[in-house]
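Everything on this sheet refers to the single structure shown next.
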Amino acid sequence: MLGFVLDEMFDSASGHRAPSGHPERPARAHAVRDALVTAGIADQGRRIVTRFASDEELSRVHGAGYLDDLIKRVPGHTGWLDADTYFSPGTWDAARSAAGSTCQLATDVLDGALGQGISVVRPPGHHATRDRAMGFCLLNNVAAAAAAARARGAARVAIVDWDVHHGNGTQDIFWEDPSVLYLSVHQYPFYPGTGAPTEIGGANAKGATVNVGLPGGCGDLEFAAVFDHVFLPALVAFKPDLLLVSAGFDAFEHDPLAGMRVTHNGFAAMANRLRAVADRICGGRIVAVLEGGYDLDGLAGGMTRVLSSFARPAEPLPPVAPLPTHPVARAAIEGTLAAHAAAGVPIAEAATSR
Ligand SMILES: [Zn+2]
(Lines give C-alpha, C1' and ligand atoms only; values in the text may rest on other atoms or scores of the structure.)
Protein backbone atom coordinates (compact mmCIF):
# COMPACT_ATOMS: atom_id res chain seq x y z
CA MET A 1 0.00 0.00 0.00
CA LEU A 2 1.10 3.55 -0.72
CA GLY A 3 1.86 5.88 2.15
CA PHE A 4 1.59 9.65 2.10
CA VAL A 5 2.82 12.63 3.98
CA LEU A 6 0.06 14.97 2.86
CA ASP A 7 -0.87 17.52 5.49
CA GLU A 8 -2.38 20.96 5.12
CA MET A 9 0.12 22.28 7.66
CA PHE A 10 2.65 22.39 4.81
CA ASP A 11 0.54 24.86 2.84
CA SER A 12 -1.28 26.74 5.60
CA ALA A 13 -1.01 30.49 6.00
CA SER A 14 0.17 30.04 9.60
CA GLY A 15 2.95 27.65 8.64
CA HIS A 16 6.13 28.24 6.65
CA ARG A 17 5.03 31.41 4.89
CA ALA A 18 7.10 33.22 2.31
CA PRO A 19 7.53 36.96 2.06
CA SER A 20 5.49 38.15 -0.92
CA GLY A 21 6.97 37.27 -4.25
CA HIS A 22 9.14 34.43 -2.98
CA PRO A 23 8.91 31.37 -5.27
CA GLU A 24 9.04 28.83 -2.38
CA ARG A 25 5.49 29.48 -1.25
CA PRO A 26 2.62 27.57 0.39
CA ALA A 27 0.74 27.38 -2.94
CA ARG A 28 3.33 24.82 -4.12
CA ALA A 29 2.36 22.15 -1.60
CA HIS A 30 -1.30 23.13 -1.93
CA ALA A 31 -1.19 22.53 -5.70
CA VAL A 32 0.27 19.06 -5.20
CA ARG A 33 -2.14 18.13 -2.40
CA ASP A 34 -5.10 19.38 -4.42
CA ALA A 35 -4.04 17.43 -7.50
CA LEU A 36 -3.55 14.17 -5.60
CA VAL A 37 -6.90 14.50 -3.85
CA THR A 38 -8.73 15.50 -7.04
CA ALA A 39 -7.25 12.57 -8.94
CA GLY A 40 -8.62 10.28 -6.22
CA ILE A 41 -5.27 8.59 -5.75
CA ALA A 42 -4.67 9.95 -2.29
CA ASP A 43 -7.59 7.81 -1.11
CA GLN A 44 -5.94 4.62 -2.33
CA GLY A 45 -3.20 4.82 0.28
CA ARG A 46 -2.66 5.63 3.91
CA ARG A 47 -1.80 9.06 5.25
CA ILE A 48 0.76 8.82 7.98
CA VAL A 49 0.44 10.98 11.07
CA THR A 50 2.58 14.09 10.70
CA ARG A 51 5.16 14.33 13.47
CA PHE A 52 8.24 16.32 14.44
CA ALA A 53 11.71 14.92 13.87
CA SER A 54 13.37 13.86 17.11
CA ASP A 55 16.63 15.40 18.25
CA GLU A 56 18.29 12.09 17.44
CA GLU A 57 16.94 12.05 13.89
CA LEU A 58 18.22 15.57 13.25
CA SER A 59 21.58 15.09 14.94
CA ARG A 60 22.41 12.20 12.59
CA VAL A 61 22.62 14.64 9.68
CA HIS A 62 23.16 18.11 11.18
CA GLY A 63 25.82 19.48 13.54
CA ALA A 64 24.86 20.32 17.14
CA GLY A 65 26.03 23.93 16.76
CA TYR A 66 23.90 24.44 13.65
CA LEU A 67 20.78 22.96 15.28
CA ASP A 68 21.32 25.12 18.39
CA ASP A 69 21.62 28.19 16.20
CA LEU A 70 18.36 27.37 14.36
CA ILE A 71 16.54 26.80 17.66
CA LYS A 72 17.72 30.19 18.93
CA ARG A 73 16.86 32.13 15.79
CA VAL A 74 13.91 30.53 14.01
CA PRO A 75 10.96 29.45 16.23
CA GLY A 76 8.34 32.21 16.38
CA HIS A 77 10.40 34.68 14.39
CA THR A 78 10.72 36.12 10.90
CA GLY A 79 14.00 36.61 9.09
CA TRP A 80 16.58 35.25 6.69
CA LEU A 81 19.28 32.60 7.10
CA ASP A 82 20.90 33.55 3.78
CA ALA A 83 19.89 35.69 0.81
CA ASP A 84 17.34 33.06 -0.35
CA THR A 85 16.27 31.27 2.80
CA TYR A 86 13.56 32.95 4.85
CA PHE A 87 11.83 31.90 8.03
CA SER A 88 8.45 32.87 9.46
CA PRO A 89 6.89 32.15 12.87
CA GLY A 90 5.62 28.74 11.69
CA THR A 91 8.82 27.66 9.96
CA TRP A 92 10.39 25.64 12.76
CA ASP A 93 7.32 23.45 13.26
CA ALA A 94 6.96 22.95 9.49
CA ALA A 95 10.64 22.10 9.04
CA ARG A 96 10.67 19.64 11.96
CA SER A 97 7.44 18.08 10.67
CA ALA A 98 8.78 17.77 7.12
CA ALA A 99 11.88 15.96 8.34
CA GLY A 100 10.16 13.83 10.99
CA SER A 101 7.24 12.69 8.85
CA THR A 102 9.58 11.82 5.99
CA CYS A 103 11.69 9.73 8.41
CA GLN A 104 8.52 7.95 9.58
CA LEU A 105 7.41 7.26 6.00
CA ALA A 106 10.83 5.93 5.01
CA THR A 107 11.09 3.58 7.99
CA ASP A 108 7.49 2.39 7.50
CA VAL A 109 8.37 1.50 3.90
CA LEU A 110 11.62 -0.13 5.00
CA ASP A 111 9.71 -2.21 7.56
CA GLY A 112 7.18 -3.32 4.94
CA ALA A 113 4.24 -1.63 6.69
CA LEU A 114 3.85 0.38 3.47
CA GLY A 115 4.90 -0.50 -0.07
CA GLN A 116 5.90 2.86 -1.53
CA GLY A 117 5.69 6.45 -0.29
CA ILE A 118 5.21 10.07 -1.34
CA SER A 119 6.16 12.91 1.00
CA VAL A 120 4.66 16.27 0.08
CA VAL A 121 6.51 18.62 2.40
CA ARG A 122 8.08 22.05 2.58
CA PRO A 123 10.45 23.68 3.29
CA PRO A 124 12.52 21.55 0.92
CA GLY A 125 15.78 20.06 2.14
CA HIS A 126 18.45 19.01 -0.34
CA HIS A 127 20.55 22.21 -0.18
CA ALA A 128 20.81 22.11 3.63
CA THR A 129 24.30 20.88 4.51
CA ARG A 130 25.38 19.43 7.82
CA ASP A 131 26.04 22.94 9.17
CA ARG A 132 24.33 25.44 6.92
CA ALA A 133 20.88 26.50 5.66
CA MET A 134 20.74 27.61 2.05
CA GLY A 135 18.64 27.56 -1.11
CA PHE A 136 15.24 27.68 0.70
CA CYS A 137 16.30 24.65 2.83
CA LEU A 138 16.78 24.44 6.62
CA LEU A 139 16.70 20.73 7.50
CA ASN A 140 17.67 18.05 5.00
CA ASN A 141 14.52 15.90 4.88
CA VAL A 142 15.75 13.20 2.50
CA ALA A 143 19.08 12.89 4.31
CA ALA A 144 17.34 12.53 7.67
CA ALA A 145 15.14 9.81 6.14
CA ALA A 146 18.15 7.96 4.71
CA ALA A 147 19.90 8.13 8.09
CA ALA A 148 16.73 6.95 9.84
CA ALA A 149 16.53 3.96 7.52
CA ARG A 150 20.20 3.16 8.21
CA ALA A 151 19.58 3.38 11.97
CA ARG A 152 16.58 1.09 11.51
CA GLY A 153 18.76 -1.59 9.95
CA ALA A 154 19.09 -0.83 6.24
CA ALA A 155 22.62 -1.75 5.17
CA ARG A 156 22.53 0.59 2.18
CA VAL A 157 20.24 3.42 1.04
CA ALA A 158 20.29 5.12 -2.37
CA ILE A 159 19.05 8.65 -3.09
CA VAL A 160 18.21 9.72 -6.66
CA ASP A 161 17.93 13.51 -6.95
CA TRP A 162 16.29 14.78 -10.14
CA ASP A 163 15.67 18.33 -8.89
CA VAL A 164 17.15 20.73 -11.46
CA HIS A 165 19.60 22.03 -8.85
CA HIS A 166 22.44 19.97 -7.47
CA GLY A 167 21.66 18.68 -3.96
CA ASN A 168 24.88 19.95 -2.45
CA GLY A 169 23.56 19.45 1.09
CA THR A 170 22.78 15.77 0.65
CA GLN A 171 26.12 15.25 -1.06
CA ASP A 172 27.89 17.04 1.81
CA ILE A 173 26.18 14.99 4.51
CA PHE A 174 27.03 11.61 2.96
CA TRP A 175 30.35 12.55 1.31
CA GLU A 176 32.35 10.10 3.43
CA ASP A 177 29.59 7.50 3.89
CA PRO A 178 29.85 4.47 1.60
CA SER A 179 26.49 3.14 2.81
CA VAL A 180 24.51 5.92 1.10
CA LEU A 181 24.67 6.22 -2.69
CA TYR A 182 23.81 9.74 -3.85
CA LEU A 183 22.97 10.24 -7.55
CA SER A 184 22.10 13.67 -8.93
CA VAL A 185 21.16 14.94 -12.38
CA HIS A 186 21.03 18.72 -12.56
CA GLN A 187 21.52 21.76 -14.72
CA TYR A 188 25.22 22.61 -14.75
CA PRO A 189 26.80 25.05 -14.29
CA PHE A 190 23.97 26.49 -12.22
CA TYR A 191 22.99 27.20 -8.60
CA PRO A 192 24.56 26.16 -6.18
CA GLY A 193 27.71 25.65 -8.28
CA THR A 194 28.58 22.13 -7.09
CA GLY A 195 27.85 18.83 -8.85
CA ALA A 196 30.81 18.42 -11.19
CA PRO A 197 31.28 14.90 -12.61
CA THR A 198 34.58 14.61 -10.73
CA GLU A 199 32.76 14.94 -7.38
CA ILE A 200 32.53 11.20 -6.66
CA GLY A 201 32.69 11.00 -2.85
CA GLY A 202 35.39 11.29 -0.19
CA ALA A 203 38.30 8.93 0.40
CA ASN A 204 36.13 6.53 2.41
CA ALA A 205 33.26 6.55 -0.08
CA LYS A 206 34.73 6.83 -3.57
CA GLY A 207 32.03 6.19 -6.16
CA ALA A 208 29.14 6.63 -3.71
CA THR A 209 28.45 10.10 -5.10
CA VAL A 210 27.45 10.31 -8.77
CA ASN A 211 26.87 13.63 -10.51
CA VAL A 212 25.61 14.28 -14.03
CA GLY A 213 25.49 17.98 -14.90
CA LEU A 214 23.44 18.62 -18.04
CA PRO A 215 23.44 21.86 -20.04
CA GLY A 216 20.30 24.01 -20.03
CA GLY A 217 17.68 23.08 -22.64
CA CYS A 218 17.68 19.34 -21.96
CA GLY A 219 14.40 17.45 -21.79
CA ASP A 220 12.83 14.01 -21.49
CA LEU A 221 15.26 12.22 -23.84
CA GLU A 222 18.40 13.46 -22.12
CA PHE A 223 17.08 12.71 -18.62
CA ALA A 224 16.06 9.19 -19.73
CA ALA A 225 19.57 8.66 -21.11
CA VAL A 226 21.12 9.71 -17.79
CA PHE A 227 18.94 7.17 -16.00
CA ASP A 228 19.66 4.33 -18.42
CA HIS A 229 23.40 4.85 -18.85
CA VAL A 230 24.36 6.00 -15.36
CA PHE A 231 21.76 5.80 -12.60
CA LEU A 232 20.16 2.41 -13.23
CA PRO A 233 23.48 0.55 -13.61
CA ALA A 234 24.80 2.24 -10.45
CA LEU A 235 21.65 1.35 -8.51
CA VAL A 236 21.66 -2.26 -9.63
CA ALA A 237 25.33 -2.63 -8.63
CA PHE A 238 24.80 -0.90 -5.24
CA LYS A 239 21.76 -3.02 -4.22
CA PRO A 240 20.21 -0.63 -1.69
CA ASP A 241 17.59 -1.79 0.81
CA LEU A 242 15.60 1.40 0.22
CA LEU A 243 15.45 3.88 -2.66
CA LEU A 244 14.69 7.52 -1.88
CA VAL A 245 13.96 10.16 -4.51
CA SER A 246 14.62 13.88 -4.11
CA ALA A 247 11.74 14.73 -6.42
CA GLY A 248 11.98 18.33 -7.50
CA PHE A 249 9.92 19.51 -10.45
CA ASP A 250 11.96 22.55 -11.47
CA ALA A 251 13.40 20.78 -14.52
CA PHE A 252 9.83 21.25 -15.87
CA GLU A 253 9.59 22.99 -19.23
CA HIS A 254 7.78 26.04 -17.82
CA ASP A 255 9.61 26.41 -14.51
CA PRO A 256 10.44 30.09 -13.86
CA LEU A 257 13.78 29.44 -12.09
CA ALA A 258 15.56 27.05 -14.45
CA GLY A 259 16.08 26.26 -18.11
CA MET A 260 15.22 22.61 -18.73
CA ARG A 261 12.38 21.17 -20.83
CA VAL A 262 11.16 18.10 -18.96
CA THR A 263 7.43 17.39 -19.45
CA HIS A 264 4.95 15.57 -17.22
CA ASN A 265 5.67 12.47 -19.32
CA GLY A 266 9.37 12.90 -18.63
CA PHE A 267 8.79 12.81 -14.87
CA ALA A 268 6.60 9.72 -15.37
CA ALA A 269 9.38 8.05 -17.36
CA MET A 270 11.91 8.65 -14.59
CA ALA A 271 9.48 7.43 -11.92
CA ASN A 272 8.62 4.31 -13.95
CA ARG A 273 12.29 3.42 -14.33
CA LEU A 274 12.96 3.81 -10.61
CA ARG A 275 9.80 1.90 -9.71
CA ALA A 276 10.89 -0.99 -11.94
CA VAL A 277 14.45 -1.00 -10.59
CA ALA A 278 13.18 -0.81 -7.00
CA ASP A 279 11.12 -3.94 -7.66
CA ARG A 280 14.21 -5.66 -8.93
CA ILE A 281 16.71 -4.62 -6.24
CA CYS A 282 14.89 -3.69 -3.04
CA GLY A 283 11.46 -5.27 -2.97
CA GLY A 284 9.83 -2.18 -4.51
CA ARG A 285 10.70 -0.03 -1.48
CA ILE A 286 10.76 3.53 -2.89
CA VAL A 287 9.86 6.89 -1.36
CA ALA A 288 9.69 10.22 -3.24
CA VAL A 289 10.21 13.42 -1.26
CA LEU A 290 9.21 16.81 -2.67
CA GLU A 291 12.12 19.21 -3.18
CA GLY A 292 11.87 22.21 -5.56
CA GLY A 293 9.58 23.10 -8.47
CA TYR A 294 8.09 26.56 -8.86
CA ASP A 295 5.52 26.19 -11.63
CA LEU A 296 2.29 24.94 -10.07
CA ASP A 297 1.32 22.86 -13.11
CA GLY A 298 4.76 21.27 -13.17
CA LEU A 299 4.43 20.38 -9.49
CA ALA A 300 0.86 19.12 -9.59
CA GLY A 301 1.15 17.21 -12.86
CA GLY A 302 4.62 15.90 -12.09
CA MET A 303 3.84 14.53 -8.64
CA THR A 304 0.55 13.05 -9.85
CA ARG A 305 2.47 11.10 -12.47
CA VAL A 306 5.04 9.93 -9.92
CA LEU A 307 2.29 8.80 -7.63
CA SER A 308 0.43 6.86 -10.30
CA SER A 309 3.68 5.20 -11.29
CA PHE A 310 4.33 4.12 -7.70
CA ALA A 311 0.72 3.04 -7.13
CA ARG A 312 0.56 0.38 -9.83
CA PRO A 313 2.66 -2.74 -10.32
CA ALA A 314 6.01 -1.95 -11.91
CA GLU A 315 6.06 -1.94 -15.70
CA PRO A 316 8.95 -3.62 -17.52
CA LEU A 317 11.88 -1.31 -18.18
CA PRO A 318 11.66 0.32 -21.62
CA PRO A 319 14.49 -0.21 -24.14
CA VAL A 320 17.69 1.63 -23.20
CA ALA A 321 17.42 5.29 -24.26
CA PRO A 322 20.01 6.32 -26.85
CA LEU A 323 22.81 8.63 -25.81
CA PRO A 324 21.80 12.26 -26.50
CA THR A 325 22.52 13.76 -29.88
CA HIS A 326 23.19 17.10 -28.15
CA PRO A 327 27.00 17.00 -27.92
CA VAL A 328 27.24 18.77 -24.54
CA ALA A 329 24.61 16.51 -22.99
CA ARG A 330 26.30 13.42 -24.41
CA ALA A 331 29.67 14.65 -23.11
CA ALA A 332 28.12 15.15 -19.66
CA ILE A 333 27.05 11.50 -19.45
CA GLU A 334 30.32 10.23 -20.85
CA GLY A 335 32.24 12.56 -18.53
CA THR A 336 30.58 11.10 -15.46
CA LEU A 337 31.27 7.54 -16.60
CA ALA A 338 34.89 8.49 -17.39
CA ALA A 339 35.43 10.21 -14.03
CA HIS A 340 34.28 7.13 -12.14
CA ALA A 341 36.33 4.79 -14.32
CA ALA A 342 39.43 6.97 -13.87
CA ALA A 343 39.03 6.83 -10.08
CA GLY A 344 38.84 3.04 -10.15
CA VAL A 345 35.13 2.90 -9.31
CA PRO A 346 33.54 2.32 -12.73
CA ILE A 347 29.76 2.34 -13.23
CA ALA A 348 29.17 -0.99 -14.95
CA GLU A 349 27.24 -0.69 -18.21
CA ALA A 350 26.68 -4.43 -18.16
CA ALA A 351 24.24 -4.08 -15.31
CA THR A 352 21.73 -2.30 -17.56
CA SER A 353 20.42 -5.57 -18.99
CA ARG A 354 16.65 -5.43 -19.31
ZN1 LIG B 1 15.64 22.97 -7.25
_Here is a check on your reading of the model: is A29 modelled with pLDDT of 95 or more, within 25 Å of L299 (Cβ to Cβ), in a helix (DSSP H, G or I) and of a type outside the set (S, T, Y)?_
yes
How many residues of the stretch 157-174 are out of contact with any strand residue (DSSP E or B) (no Cβ under 7 Å at 6 or more places or on another chain) and away from the ligand (no atom under 15 Å from the Cβ)? The answer is 2
Restricting the stretch 8-56 to residues that are free of Cβ contacts under 8 Å to residues at least 60 places away in the same chain and either in contact with a Cys (Cβ under 6 Å, 6 or more places away or on another chain) or of a type in the set (S, T, N, Q) (or both), the one farthest from V287 (Cα to Cα) turns out to be S20
The residue from A133, A149, A155 that alone is modelled with pLDDT of 95 or more, crowded, with 21+ Cβ neighbours inside 10 Å and within 20 Å of E176 (Cβ to Cβ) is A149
For the stretch 294-308, check the following and say yes or no: at least one residue is closer than 22 Å to C103 by Cβ, within 13 Å of the chain's Cα centre (by Cα) and either away from the ligand (no atom under 16 Å from the Cβ) or among the small types (G, A, S) (or both). no
Legend entry - Test for L110: is it touching a strand residue (DSSP E or B) at 6+ places or on another chain (Cβ under 8 Å) and of a type in the set (A, V, I, L, M, F, W, C): yes
Restricting attention to the stretch 32-82, the residues that are over 27 Å from I173 (Cβ atoms), in contact with an Asp or Glu (Cβ under 8 Å, 6 or more places away or on another chain) and buried (at least 16 other Cβ atoms within 10 Å of the Cβ) number exactly 1
Taking the stretch 198-218 and keeping only residues that are surrounded by fewer than 20 Cβ atoms within 10 Å (Cβ to Cβ) and in contact with an Asp or Glu (Cβ under 8 Å, 6 or more places away or on another chain), one is left with G202, A203, N204, A205
Report task. Could you tell me whether G217 is in a loop (DSSP other than H, G, I, E, B), more than 15 Å from the chain's Cα centre (by Cα) and in contact (Cβ under 8 Å) with a residue 40 or more places away in the chain? Result -> yes
With the first residue restricted to the stretch 112-138 and required to be over 12 Å from T170 (Cα atoms), and the second required to be hydroxyl-bearing (S, T, Y) and more than 15 Å from the ligand (Cβ to nearest atom), Cβ contacts under 6 Å at 6 or more apart or on different chains are S119/T102
Scanning the stretch 231-265 residue by residue, the ones that are within 16 Å of the ligand (Cβ to nearest atom), over 19 Å from G167 (Cβ atoms) and not basic (K, R) total 3
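The values are calculated or read from the model by the stated rules, or taken from the named source; none is laboratory data. Given the structure is predicted, the values throughout are model-derived calculations rather than measurements. Heads up, the Cβs are rebuilt from the backbone with ideal geometry, glycines too, and the neighbour counts pull from every protein chain shown.
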